[in-house]
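Here's the structure we're looking at; comments come further down.
The values are calculated or read from the model by the stated rules, or taken from the named source; none is laboratory data. Predicted model, so just to flag it, every value in this text is computed and none were measured. Here the Cβ positions follow ideal geometry from the backbone for every residue, glycine too, while neighbour counts run over all protein chains shown.
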Amino acid sequence: MTNKTVGWLLVAAQVAVFVVLALLPWRSPSVASIVLAIPFVVIGGWLGLAAFGTLGNALTPTPVPISGAGLRTHGPYARVRHPIYTAVLSLTLAALILAGSWWSWAWGLVIFLFFWSKSRWEDTLLAREYGVEWELWAQRTGALIPRRRRSAP
């Protein structure tokens, strides 16, 4: 199976995990849950838009990198290797806070594991495509959560 085929299968699986989340039981959100969810919506929305803008011609619907498009290591990519996944997970967390059911939180764990696995596979492809440049970037940049920066001695 080619990387492109796997990439499109992952896109289909991603749609499926969110359809399942939408179909799970939801409770009516309280004012407190809405207030708690808002920062995750703002952070996820901002991060997603910033990441899309930074990718430019390297943006693709699948996790398979476009050959020759160049490795993006600036903007949100200077802090996290997969900011679009982080943005989606932030928005998912907002939805889980609003949904409030145990089923949705359990499925949220499935969604997190899906994106974590997808990021690992994409890292493999990026490492193959960009070699040492990717290795150096990965050493200083977290995959889904920014790494704590060490202060100078």
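List of remarks:
- Filtered residue count, the stretch 66-82, keeping only those that are part of a loop (DSSP other than H, G, I, E, B), β-branched (Val, Ile, Thr) and within 16 Å of the chain's Cα centre (by Cα): 1
- The listed residues are Val64, Val88, Val41, Val132, and the only one of them that is in contact (Cβ under 8 Å) with a residue 60 or more places away in the chain and of a type in the set (A, V, I, L, M, F, W, C) turns out to be Val64.
- Matching residues, the stretch 1-33, being in a loop (DSSP other than H, G, I, E, B) and touching a Leu at 6+ places or on another chain (Cβ under 7 Å): Pro29
- Residue that is modelled with the lowest pLDDT, among those in the stretch 104-152 that are hydroxyl-bearing (Ser, Thr, Tyr) and part of a helix (DSSP H, G or I): Ser104
- Taking the criterion of being under 16 Å from the mean Cα position of the chain (by Cα) and loosely packed, with under 15 Cβ neighbours inside 10 Å, the residues of the stretch 83-111 that qualify are Leu109, Val110.
- Scan of the stretch 17-33 for residues that are under 19 Å from Lys118 (Cβ atoms) and of a type in the set (A, V, I, L, M), ordered by number: Val17, Val19, Val20, Leu21
- One residue stands out in the stretch 67-85 among those that are of a type in the set (A, V, I, L, M) and without any contact (Cβ under 8 Å) to a residue 40 or more places away in the chain: the one that is farthest from Asn3 (Cα to Cα), namely Ile84.
- Thr141 being of a type in the set (S, T, N, Q), surrounded by 14 or more Cβ atoms within 10 Å (Cβ to Cβ), within 16 Å of the chain's Cα centre (by Cα) and within 18 Å of Leu59 (Cβ to Cβ): no
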